[in-house]
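A.B. asks: What follows is a single structure, and I will ask about it in a moment.
All of the numbers you see were taken from the coordinates with simple rules; none came from a lab. For clarity, every value in this text was computed on a predicted model and none was experimentally measured. Backbone-built Cβ (ideal geometry, glycine too); neighbour counts: all protein chains shown.
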Amino acid sequence: MDNNNTANFDVQNYTDEICVNLPKIYDTCKDKDCLSDMRVYLSPADQTLIDNATNVRARKSELIWADVSLEEVPFNKGFYGVDITFYFRTGFEVCTGGNRPSIIEGLSFFTKKVILYGGEGCTTTFSSERRPRAAGRHTNLPVAEVEVVDPIVLNTRIIQSSCNCCCGDTENMNLPRQIAEMFGEELTDIANRKLVLSLGLFSVVRIVRNVQVMIPSAQFCLPEKECCSPKEEEPCSFFEKLCFPTNEFFPPECKK
């Protein structure tokens, strides 16, 4: 049903009720994390540049993956712990003397845990859509979802390593396969000097569970508009339709 026609229906027309299966948010929270001095892991060649760098500057950081897992909280029925590991890929400009800056990319990650309510349930569902796996069987555990925006780079610096060895970081380098494949060569945790990064991250975490609810219904949503192919337009005719970009020439003042 076209949005322009929704006004033609009065609330009283919604006399029928239908049962639908949809995801309901049982609990949610928002967070503002300052991820201070996260270690940046580099390829051996890029790590050599950092070992000899005179200056380093971060260019852009992006969240490339979030590993989310959910488990029940013991002795607190209905509550679940959501473990989240964020993986960031950040570009840097590295100066090593009189040469032009070198461009490198590194990986950093951060793990956090939140507790949210997800309700109780212990039924098992069989579905024709899930036949290839476990004969279509799955439990009705809730689902944890994480929504984020790209992080804000707050600071970048190089610190002297206490030793030229793994120093206990090897365990953290067991990266998911999809993350390791995003970098051209294997990353190393051996460094004379460590590159560390501080990021600001905004996130929303929620627990969702499928439920059946009754909703009012009037009729099926049939499209009213016909599909049409794009028409070729003479360039100058298209240009004539554009508004003059006044704000580009006269930027608006900040409102107090």
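A.B. asks: Of all GluC sites (Glu not before Pro) in the stretch 217-256, which ones are in loop regions per DSSP and have a Cβ with at most 14 other Cβ atoms within 10 Å?
C.D. replies: Glu224, Glu226, Glu232, Glu233, Glu253
A.B. asks: Still on this structure, please answer the following. Throw me the Rg/Rh for the stretch 18-63, computed over C-alpha atoms with Kirkwood Rh, two decimals.
C.D. replies: 1.34
A.B. asks: Please list, or write none, the lysines whose alpha carbon is within less than 18 Å of the alpha carbon of Lys77, excluding same-chain residues fewer than 8 places away.
C.D. replies: Candidates past the 8-residue exclusion: Lys113.
A.B. asks: What is the calculated FRET efficiency for Lys113 to Glu62, with r their C-beta to C-beta distance and R₀ = 25 Å, to the nearest 0.05?
C.D. replies: 0.60
A.B. asks: Taking 25 Å as R0, compute the FRET efficiency from the Cβ-Cβ separation of Thr123 and Ser217 and round it to 0.05.
C.D. replies: The calculated FRET efficiency here is 0.40.
A.B. asks: Right, another one. Compute the length gained on full extension between Asn76 and Asn155: take 0.36 nm times their separation in residues and subtract their Cα-Cα distance, giving the result in nm to one decimal.
C.D. replies: 24.5 nm
A.B. asks: Next up: What is the spin-label model distance, in nm, from Val20 to Asn192 if the labels are put 7 Å beyond Cα along the C-beta direction?
C.D. replies: 6.3
A.B. asks: Which of the lysines could be linked to Lys112 by a straight reach, that is with a Cα gap under 17 Å, when you skip same-chain ones fewer than 8 residues away?
C.D. replies: Lys30, Lys32
A.B. asks: Remind me, what semi-axes does the stretch 16-215 give for its equivalent ellipsoid, largest first in whole Å, using sqrt of 5 times each Cα gyration tensor eigenvalue?
C.D. replies: 42, 17, 16
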